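Below is one structure; the comments refer to it alone.
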Amino acid sequence: MAGEKNVLIVAVPQRGALPPAVFELITAAKKAAAATGGTVSALVFGTKAADFAKQLGERGAEKVLTVSDAAYDSFVDEAYAAATAAAAKQEAAGVLLLAASVAGRSLAARLSVLLKAGVAAEICEISGSGGALSAKRYQYGGNIVAEVAFKSDVKILTVQPMCFEAAPVEAGKAAQTTPLSVPAASAGAQVASFKADEAGEIDLGAAERIVSGGRGLGNADGFKLIRELAHTLGAAVGASRAVVDAGWIAYRHQVGLTGRTVHPKLYVACGISGQIQHLAGMASSANIVAVNTDPACPMMDIATLGVVGDVYEVLPVVISEIKKRRGA
Amino acid sequence: MPLNIVVCVKHTPATTSVSVDSATGKVKTAGLAYGLNPFDEYAVEEAVRLKERVPGSFATALTLGADSADAALREAVSRGIDAAALVTGPEFDGGDSYSTSRALAAAVQKLHAQKPVHLVLFGKNTNDGNSGMVGAMTAAWLNWPSVVSVKKIESVDEASASVWRAMEDGVETVKVKLPAAISTIKEINEPRLPSLKGKMAAKKAAVTKWGAADLGLKPEEVGAAGAATSVTRQSPPPSRPAGMKIEGATAADKAKKLVDILIERKII
């Protein structure tokens with residue numbers, strides 16, 4: 001297990017903000033550094049880099065490198081990889097942590113080849129001691145947990161959102177901030193424009209609570225009720241493959257093997273029987289509530305709390321009860 | 001101008017309901033039915049659609065695997081792909097995404113040398129390993145641009161493409177110079193089933209086979225020897241604690257009890 005032992009958090013911004021998963025990386029990085037015996041630093045990008053450094057500092061990052069160039073305000077893997085490689089060299093970092101987002105996965109792949117580094121992708125657990133580092137990740141759509149060890153000097157981990165607690169803000173904490181100058185990288189790709197999803201939607205991957213609907217809703221209108229419960233709980237809206245294929249709701253809401261993998265603290269499955277392909281994406285949720293007319297469906301088997309009943313009779317009462325108790 | 005397309009596929013277990021051999025701590029793959037990785041169907045379909053969009057274009061399916069992986073290539077041909085290449089040999093056994101992408105990149109480079117390649121298409125990930133890294137890593141080995149999570153190829157010519165990249169918060173339009181690698185997602189199309197004509201073509205298709213030496217790679221650069229990670233153990237996920245059925249005379253009773261318990265357990 002040769003290689004540098006310091007840990008570098010690669011904090012990729014999105015639309016001028018740090019995604020919440022970045023704050024979870026601080027916790028993951030401390031765990032990795034405890035295993036390797038190294039220090040933790042972070043790398044931030046773009047015109048808001050100084051602000052990002054402040055945010056990370058408040059949450060316990062001790063050292064932050066900033067690449068404050070407007071060229072990094074949108075994500076292109078080649079440019080980000082060149083800057084990250086320079087930071088890793090300067091910090092003598094042998095462990096790189098990225099959020100397992102679209103950008104994070106894309107960047108990890110580019111860095112892997114650039115730094116001759118192995119990648120443990122979409123990991124949910126970090127362990128190791130005495131310099132060695134290993135990680136756990138899901139395979140076979142959540143049916144298998146694989147323990148991954150590294151053979152390379154440099155080790156890259158992309159971390160699943162919601163697997164580590166976000167590092168809390170601690171009063172009076174600040175990071176030592178150092179500007180990093182990197183040569184402008186030439187890239188073969190560039191972001192030309194962006195169109196946001198519906199305003200006010202909570203992203204599935206970063207959601208602490210998710211309310212999902214399936215075939216049991218009967219029709220597309222059923223998602224009004226799902227959205228109402230989600231709104232009441234401050235939850236994101238999920239869906240099964242069947243209803244996405246039926247056109248009841250957009251693909252970005254799909255949870256499961258061909259959709260998103262989620263690990264919320266609460267997953268409310270409404271009228272979802274629990275096909276293997278759906279369970280693959282959500283079975284590791286901390287708490288699962290199943291509402292279904294079928295007491296023998298697979299979702300009932302894995303549910304923390306199961307309610308046998310019609311979603312149209314159960315959910316309106318759940319919504320009014322929650323509102324009532326909050327009002328009281 | 002016609003496009004030269006490579007679509008990378010994998011022959012994977014047709015199910016994700018697999019069990020672990022407790023003696024070896026590895027997934028039991030013997031006896032499982034294998035097929036074309038379901039996510040690759042979208043990449044194959046997109047290659048066929050590009051052929052339809054740009055007449056005269058040519059698409060080659062490429063995979064790395066055992067001799068039996070030939071079946072995934074023939075499945076791709078049955079869906080409208082023109083040619084097939086299989087990277088195979090004992091030296092490739094036990095690879096990870098790092099060494100596998102290195103070999104795939106060498107094979108793409110070989111095809112590129114024969115006739116310039118414009119696009120290399122991939123599925124989102126495989127249904128067995130699930131890492132979703134190989135597409136973008138192959139691009140990195142080739143030093144070509146890559147775009148992952150692509151839901152639409154808006155326009156393409158021999159020099160550049162404009163694609164839609166699905167992000168967590170919306171959709172980016174990305175302009176990319178070719179040659180480039182593109183990893184697709186399910187939204188990009190609805191794959192068609194193989195045609196009868198396609199099935200006939202698949203039976204007759206000649207599959208080109210390459211070993212490490214044919215690709216200019218040393219044995220220590222591929223398979224387990226060239227891997228940067230290893231899976232030390234596989235196990236079933238921890239079983240969930242037994243759940244609780246909420247009883248009640250009416251749906252409203254059950255709903256109230258549910259809210260009680262959620263609050264009591266500080267879940268909401």
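Below, the figures for the structure above:
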{"item": "Total residues in the range B:5-37, condition free of Cβ contacts under 8 Å to residues at least 40 places away in the same chain and basic (Lys, Arg)", "result": "1"}
{"item": "Residue in the range B:107-136 that is farthest from the other protein chains (Cβ to nearest Cβ), counting only those that are within 19 Å of the chain's Cα centre (by Cα) and small (Gly, Ala, Ser)", "result": "B:ALA107"}
{"item": "Residue in the range B:156-170 that is under 30 Å from A:GLN190 (Cβ atoms), in contact with a strand residue (DSSP E or B) (Cβ under 8 Å, 6 or more places away or on another chain), more than 10 Å from chain A (Cβ to nearest Cβ) and not in a loop (DSSP other than H, G, I, E, B) present", "result": "yes"}
{"item": "The lone exception for A:ASN287 - which of (1) within 8 Å of chain B (Cβ to nearest Cβ); (2) surrounded by fewer than 22 Cβ atoms within 10 Å (Cβ to Cβ); (3) more than 28 Å from the chain's Cα centre (by Cα) it fails", "result": "(3)"}
{"item": "Verdict on B:LEU3 being within 24 Å of B:THR208 (Cα to Cα), more than 14 Å from chain A (Cβ to nearest Cβ), open to solvent by 20 Å² or more (accessible area, probe 1.4 Å) and not charged (D, E, K, R)", "result": "no"}
{"item": "Criterion (of a type in the set (Ser, Thr, Tyr) and over 15 Å from the mean Cα position of the chain (by Cα)) met by exactly one of B:SER68, B:SER146, B:SER97, B:SER101", "result": "B:SER68"}
{"item": "Qualifying residue in the range A:320-328 (condition: touching a residue at least 60 places away in the same chain (Cβ under 8 Å), open to solvent by 10 Å² or more (accessible area, probe 1.4 Å), at negative phi and at the interface with another protein chain (Cβ under 8 Å from one of its Cβ atoms))", "result": "no"}
{"item": "Subset of the range B:106-139 [crowded, with 24+ Cβ neighbours inside 10 Å and assigned to a helix (DSSP H, G or I)]", "result": "B:ALA107, B:VAL108, B:VAL134, B:GLY135, B:ALA136, B:MET137, B:THR138, B:ALA139"}
{"item": "Unmet criterion (only one of (1) within 11 Å of another protein chain (Cβ to nearest Cβ); (2) surrounded by fewer than 23 Cβ atoms within 10 Å (Cβ to Cβ); (3) β-branched (Val, Ile, Thr)) for A:THR258", "result": "(2)"}
{"item": "Per-region count, the range A:262-278, residues at the interface with chain B (Cβ under 10 Å from one of its Cβ atoms) and under 17 Å from A:VAL243 (Cβ atoms)", "result": "3"}
{"item": "Condition check for A:LYS89: over 22 Å from the mean Cα position of the chain (by Cα), among the basic types (Lys, Arg), open to solvent by 20 Å² or more (accessible area, probe 1.4 Å) and more than 27 Å from B:GLY123 (Cα to Cα)", "result": "yes"}
{"item": "Positions within the range A:177-196 being touching a helix residue (DSSP H, G or I) at 6+ places or on another chain (Cβ under 8 Å), within 18 Å of A:THR47 (Cα to Cα) and modelled with pLDDT of 95 or more, in sequence order", "result": "A:THR177, A:LEU180"}
{"item": "Some residue of the range B:59-66 being over 27 Å from A:ALA146 (Cβ atoms) and either among the aliphatic types (A, V, I, L, M) or surrounded by fewer than 20 Cβ atoms within 10 Å (Cβ to Cβ) (or both)", "result": "yes"}
{"item": "B:ARG74 closer than 23 Å to A:LEU114 by Cβ and open to solvent by 30 Å² or more (accessible area, probe 1.4 Å)", "result": "no"}
{"item": "Residue match in the range A:39-61 (condition: part of a strand (DSSP E or B), within 29 Å of B:ASN125 (Cα to Cα), assigned by TED's automatic domain parsing to the domain that holds A:ALA171 and touching a Pro at 6+ places or on another chain (Cβ under 8 Å))", "result": "yes"}
{"item": "Pick from the range B:18-47, criterion of a type in the set (A, V, I, L, M, F, W, C) and part of a helix (DSSP H, G or I), ranking: farthest from the chain's Cα centre (by Cα)", "result": "B:ALA47"}
{"item": "Strands (runs of 3 or more DSSP E) enclosed by the range A:241-328 - at least 3 residues per element that are over 30 Å from B:ALA14 (Cα atoms) and not assigned by TED's automatic domain parsing to the domain that holds A:GLY141", "result": "A:305-308"}
{"item": "Condition met for B:GLY80 (open to solvent by 60 Å² or more (accessible area, probe 1.4 Å), touching a residue at least 40 places away in the same chain (Cβ under 8 Å) and over 24 Å from A:GLN139 (Cα atoms))", "result": "no"}
{"item": "Strands (runs of 3 or more DSSP E) contained entirely in the range B:174-268, each with at least 2 residues that are more than 7 Å from chain A (Cβ to nearest Cβ) and closer than 30 Å to B:ALA43 by Cβ", "result": "B:180-184, B:207-210"}
{"item": "Residue ranges of strands (runs of 3 or more DSSP E) in the range A:170-237 with at least 3 members open to solvent by 40 Å² or more (accessible area, probe 1.4 Å), in contact with a strand residue (DSSP E or B) (Cβ under 9 Å, 6 or more places away or on another chain) and within 11 Å of another protein chain (Cβ to nearest Cβ)", "result": "A:189-196"}
{"item": "Residue in the range A:67-86 that is open to solvent by less than 20 Å² (accessible area, probe 1.4 Å), within 19 Å of the chain's Cα centre (by Cα) and among the acidic types (Asp, Glu) present", "result": "yes"}
{"item": "Selection from the range A:128-144 of residues that are within 9 Å of chain B (Cβ to nearest Cβ) and over 18 Å from the mean Cα position of the chain (by Cα)", "result": "A:SER134, A:TYR140, A:ASN143, A:ILE144"}
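Condition check ((1) within 30 Å of A:ALA192 (Cα to Cα); (2) among the basic types (Lys, Arg); (3) open to solvent by 30 Å² or more (accessible area, probe 1.4 Å)) across all residues:
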site: B:SER155; (1), (2), (3): yes, no, yes
site: B:THR184; (1), (2), (3): yes, no, no
site: B:LYS199; (1), (2), (3): no, yes, yes
site: B:LYS203; (1), (2), (3): no, yes, yes
site: B:ALA225; (1), (2), (3): no, no, yes
site: B:SER230; (1), (2), (3): no, no, yes
site: B:VAL259; (1), (2), (3): no, no, no
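The values are calculated or read from the model by the stated rules, or taken from the named source; none is laboratory data. Everything numeric in this text was worked out from a predicted model, so none of it was measured. Note that we place each Cβ from the backbone using ideal geometry, even for glycine, and neighbour counts take in every protein chain shown. Remember, those area values only see protein heavy atoms, side chains included, never the ligands or the DNA or RNA. Shrake-Rupley method; radii C 1.70, N 1.55, O 1.52, S 1.80 Å.
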